[in-house]
Amino acid sequence: MLRSLVGSEMCIRDRVSTQSTGENSSDTMAGMASMGMTGGMQPQIVILKEGTDVSQGKPQLISNINACQAVVECVASTLGPRGMDKLIHQERAVTITNDGATVIKLLEIIHPAAKTLVDIAQSQDAEVGDGTTTVTILAGELLKEAKQHVEDGVHPQVIARAYKTACKFALEQLSKLSVSLNFSDPKEKRDTLIKCAKTTLQSKLIGGSHGDFFAAMTTDACLFLEDSNLSLDLIGIKKVPGGGMSDSFLVEGVGFKKTFSYAGFEQQPKKLENPKILSLNVELELKSESEKAEIRIQEVSDYASIVDAEWEIIYTKLEEIHASGATVVLSKLAIGDLATQWFADRQIFCAGRVDDKDLERVHQATGAVMQASTSDLTQEVLGSCGSFEEKQVGDERYNLFTQCTGAKSATIVIRGGAEQFIEEAERSLHDAIMIVRRTLKNSTCVPGGGAIDMELSKAVKQYAMTVQGKGQFFMLAFAKALEAIPRTLAKNAGFDCTDLLNKLRYEHNAKNDPNCGIDIETGSVCDTWAKFVWEPALVKRNAIVSATEAACLILSIDETIKVPESGKDNVKPGAPGS
């Protein structure tokens, strides 16, 4: 104890001596130089900016793990068909959701290590569209299992290496357990995709009462676009408040809300068969004259010609559009009252200020090519479709283009009461669409309801027993972390987690039933494959890989350096570098 106190006193004395200024500092440095290496004293070297916060060592790693655990606790209760919703209030915006990626994104997490979970949740959402809560819970559970070993003095890299080995083996087993779906029969193909979509929607707000309805709708939308590379941009989702959820409908084509129109649009046609569609990036509107303009004329007649010049220009544009044979005119810019009435007199429908995304989908579906000028309009730049109709939906009017001959497009119109409910329905449909798209591209599925997680946990445990050394303990920890998914499913449904997990372990180990999972309806276990509780193998594969990478990344961090923002206020007078 005396030696440590003396050592501390010497460190303090050295620090004070090296930070002294003026004549004393010069004398001290000169003394150090004269002593050389024999004195054992070294000058302090400053390499970080003044105000930099440095945290390192085991406490910093434990702090990062605890921060990630706090994030997991926020989203864990949203998992599964009986998961709870979160109400997030931001200033005037209110969001009700149980989507893991949305919850984490709206929380605006600022902890640098916990942001890693935000990244993996968003990457899971972008890659496969579902499983965002699963990947977050799994990453948090892997860190929780590693925490005790880190506190006991195990090097984090040893744990990370064992996790990566266990992950690789789990993915190999996942490939063996995956079942390839037979899509040769169109009816069986549609029924299978509906089951996958329904499994996704069961954990959503709309899954309980309208799961079958929206599962069929999203499946039909994806099947309609199967020949168009299933681009997500070709599926539009429009929200119309009012009515019930069952009033929602699918448009096999393009639909968008009617844009602002001037007087005269009532006389325009509301339904056209085989229309010719012209897309413009041209403004068809008279501009007000500049107040500061100065024009010098010699005669009074010259003034009239100047005033009529703009009218002649716009009339020339309108005549060129009419001569092209177009019956539907869509413009990215404004279409004024003069042009609206002129088109109405000639039974031409027009819409100005059309949204870029809607206009792009019209181009993809009808084959129309946007024009920046009305001169030299040919038949090649005009789009076509089987039918155009302006339809009343609730309090809004929608322009619908159906029976498109070009690249197909689809639009889902969502009806509902509360705005927050419609917003959550949109997020749910996005996840279901992503799942159906991935199943069409990668037609392999695994049983859901925690069945595949328990089977992978069993396989990793058996493999760990064949491994020598300390890695065996950490691979067993990996296997235990996989059980977090069925445990959370049971907990969120209000069941006895311990009892259900024991039943699952018995079915998977004693009876060797790889399809046994949690039955949410009865609170017991069942064959989830026979009950059509399926999920794409790609979702589970991506979740395991992302969660393992995130856990290993956080375990590899032993120091956090917080650099202050650049500015003169951060540099104190006399500080090094000032």
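Could you look through region 320-366, keep only residues that are small (Gly, Ala, Ser) and farther than 19 Å from TYR398 by Cβ, and pick out the one that is farthest from the chain's Cα centre (by Cα)?
Of everything passing the filter in region 320-366, ALA323 is farthest from the chain's Cα centre (by Cα).
Each row is one residue, and each column tells you yes or no for (1) free of Cβ contacts under 8 Å to residues at least 60 places away in the same chain; (2) among the hydrophobic types (A, V, I, L, M, F, W, C); (3) surrounded by fewer than 18 Cβ atoms within 10 Å (Cβ to Cβ).
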{"site": "GLN157", "(1), (2), (3)": "no, no, yes"}
{"site": "ALA160", "(1), (2), (3)": "no, yes, no"}
{"site": "SER184", "(1), (2), (3)": "yes, no, yes"}
{"site": "SER203", "(1), (2), (3)": "no, no, no"}
{"site": "GLY211", "(1), (2), (3)": "yes, no, no"}
{"site": "THR219", "(1), (2), (3)": "no, no, no"}
{"site": "GLY253", "(1), (2), (3)": "no, no, no"}
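Might you let me know whether region 494-513 holds any residue that is of a type in the set (A, V, I, L, M, F, W, C), open to solvent by 20 Å² or more (accessible area, probe 1.4 Å) and within 17 Å of THR548 (Cβ to Cβ)?
No: zero hits.
Find the helices (runs of 4 or more DSSP H) located wholly in region 441-504 whose residues include 1 or more that are aromatic (Phe, Trp, Tyr) and within 26 Å of ASP519 (Cα to Cα), and list them.
Of the helices (runs of 4 or more DSSP H) lying wholly inside region 441-504, those with at least 1 residues that are aromatic (Phe, Trp, Tyr) and within 26 Å of ASP519 (Cα to Cα) span 471-482.
Could we say that ALA432 is surrounded by 20 or more Cβ atoms within 10 Å (Cβ to Cβ) and either β-branched (Val, Ile, Thr) or over 28 Å from ALA479 (Cα atoms) (or both) here?
Judged against the criteria, ALA432 is a match.
If you go through region 94-102 one residue at a time, do you hit one that is more than 19 Å from ASP125 (Cβ to Cβ), in a strand (DSSP E or B) and either of a type in the set (Phe, Trp, Tyr) or in contact (Cβ under 8 Å) with a residue 40 or more places away in the chain (or both)?
yes
Is it the case that GLU380 is outside any strand (DSSP E or B), within 30 Å of VAL328 (Cα to Cα) and within 26 Å of the chain's Cα centre (by Cα)?
The answer is no for GLU380.
Restricting the search to region 392-414, which residues are assigned to a strand (DSSP E or B), farther than 14 Å from VAL362 by Cβ and touching a residue at least 12 places away in the same chain (Cβ under 8 Å)? Steps first, answer last, please.
We begin by selecting, within region 392-414, every residue assigned to a strand (DSSP E or B); these are 392-393, 396-404, 410-414.
Add one more test, that the residue is farther than 14 Å from VAL362 by Cβ, and what stays is 392-393, 396-397, 412-414.
Within region 392-414, VAL393, GLU396, ARG397, ILE412, VAL413, ILE414 meet the criteria.
So which residues in region 514-526 are in contact (Cβ under 8 Å) with a residue 24 or more places away in the chain and open to solvent by 40 Å² or more (accessible area, probe 1.4 Å), if there are any at all?
PRO514, ASN515
Can you name the residue in region 530-541 that is at pLDDT below 90 and open to solvent by 30 Å² or more (accessible area, probe 1.4 Å) and is also nearest to GLN124 (Cα to Cα) among such residues?
Looking at the filtered set, the residue picked out is LEU538.
Answer yes or no: is there a residue in region 92-105 that is under 27 Å from ILE557 (Cβ atoms), at pLDDT 85 or above and open to solvent by less than 20 Å² (accessible area, probe 1.4 Å).
yes
The values are calculated or read from the model by the stated rules, or taken from the named source; none is laboratory data. The model shown is predicted, which means the values in this text are computed figures rather than measured ones. So basically every Cβ, Gly included, is an ideal-geometry build from the backbone, and we count neighbours across all protein chains shown. Side chains included, ligands, DNA and RNA excluded: accessible areas come from the protein's heavy atoms. Shrake-Rupley method; radii C 1.70, N 1.55, O 1.52, S 1.80 Å.
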